[in-house]
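For reference, the structure is listed below as structure tokens.
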Amino acid sequence: MSAELGTTGKPRLLVLVGPTAAGKTRISLDIAKAWNAEIISGDSMQVYRGMDIGTAKIRPEERQGVPHHLIDICEPDHPFSAAEFQRLCTGLIAEITARGKLPFIVGGTGLYVESVAYGYDFAEGGSDEAYRSELREYALRCGTEALHAKLREVDPATAERLHPNDQRRIIRALEIRHLTGVTLSEQLAGQKRVSPYELCIVGLNMERAKLYERINERVDAMIAEGLVDEVKRLLDAGVPADSVSMQGLGYKEIALCIRDRIPLAEAVELLKRNTRRFAKRQLSWFRRMEDIAWVEASENIHENLRSFHAIIAGKFGVDLEYITNQSF
């Protein structure tokens, strides 16, 4: 399928979301090939070079000829943000559409996906360096957990999605509240819900017990593949333990182990627990998005694909028979 303008006159945009470990990467390749799409990673961690195992990054040899974007684009000490993702992704969508291909965002970072799908306004609202310094000093005196608790008091929704060690984003959320009198979560809730695209968002869901089983298996596989060595290389290369990238799942837990604060077995169990909790938060985020058409994952990938194809064809007004003939 070519990516000409849809029936609304807007560029088409396909999005696949779902919780971590549900199988988005595998099925996205088949969808991309059937719909003549190029994949844009919608993952906040896969942008970092050298962070491969802990982010479950798809290897070049696994991409089956499907172009992938926004993977390995910055160094781990760079504080990549949702606003930066939106800017880069929006440009890529225009470029992919101009090539006659379908832009296809695949990922589980809810804010990143929504910011592009609905054209969020990331107006910064100014800054107050004195207030930032005050908060940094407070974190030094009382610890990052206390700083996180301060955010939880005024903006529990934002505090829920930020790790207590993510000092930069916690301070920024508090600064926004300080400067505007409006919390970051309130600003996001007030964003417009009209997409600049002819938008099709599909979600891959999985029964909770099975998802948690897959998460546990994925963590064990990451350890076997060398996650500990990957984290050690990053720390030895000088990537700060409190950097944005090192707050990602797998990195903060294994860093605790490397710095001899907890045994490896404890770090692994902590990672499994944190990943399960993260998947729960992802589902909570996506389920409040009214535009998602969900598919329940089954062991039969062809059955899953048929469901996805039917949803996409219906949204884009394309002959389903043509697509399924190309896919099977």
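Just so you know, all these numbers are worked out from the coordinates, no wet-lab data involved. These numbers were taken from a predicted model, which means no experiment stands behind them. Reconstructed Cβ throughout: ideal geometry from the backbone, glycine too, with neighbour counts over all protein chains shown.
Below, the figures for the structure above:
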read-out	value
Residues Ala94 and Arg261, FRET efficiency given R0 of 35 Å [Cβ-Cβ distance, rounded to 0.05]	0.15
Simple label model, 7 Å out from Cα along Cβ direction - Tyr131 to Lys10, nm	3.3
Burial ordering of Lys57, Lys24, fewest other beta-carbon atoms within 10 Å first	Lys57, Lys24
Label point distance in nm, Arg141-Glu160, each placed 7 Å from Cα along Cα→Cβ	3.1
At R0 = 41 Å, FRET efficiency that the Cβ-Cβ distance of Glu290 and Ala241 yields, to 0.05	0.55
Kirkwood Rh, Cα atoms: Rg over Rh of the range 129-189	0.94
Full-extension gain in nm, Glu213 to Asn300, via 0.36 nm per residue minus C-alpha separation	29.5 nm
Computed Rg/Rh of the chain, alpha carbon atoms with Kirkwood Rh	0.97
Percent RCO, i.e. relative contact order, over the range 129-189, from Cα pairs under 8 Å lying at least 6 residues apart	30
Under 15 Å from the Cα of Lys10 - aspartates and glutamates, other chains or at least 8 residues apart	Glu95, Glu198
Cut-off under 5 Å, modelled amide H: who pairs with Leu102 long-range	Ala37, Glu38
The chain - percent relative contact order, Cα under 8 Å, separation 6 or more	26
Residues of type lysines that Lys33 reaches as a straight line, Cα spacing below 21 Å, ignoring anything fewer than 8 places off in the same chain	Lys24, Lys57, Lys101, Lys315
Overall form of the range 258-320 per C-alpha gyration tensor (a/c, 1.5; a/b vs b/c)	prolate
Spatially proximal aspartates and glutamates relative to Lys280 (Cα-Cα < 14 Å; intrachain offsets below 8 disregarded)	Glu160, Glu207, Glu213
Over the chain: helical MRE at 222 nm, DSSP H runs n ≥ 4 each giving -39500 (n - 2.57), nearest 500	-16500 deg cm²/dmol
Label-point separation in nm, Glu153 to Asp229, each point 7 Å along Cα→Cβ	4.7
Dipole in debye (nearest 20) - the range 129-189, about Cα centre, beta carbon charges: Lys, Arg +1; Asp, Glu -1	120
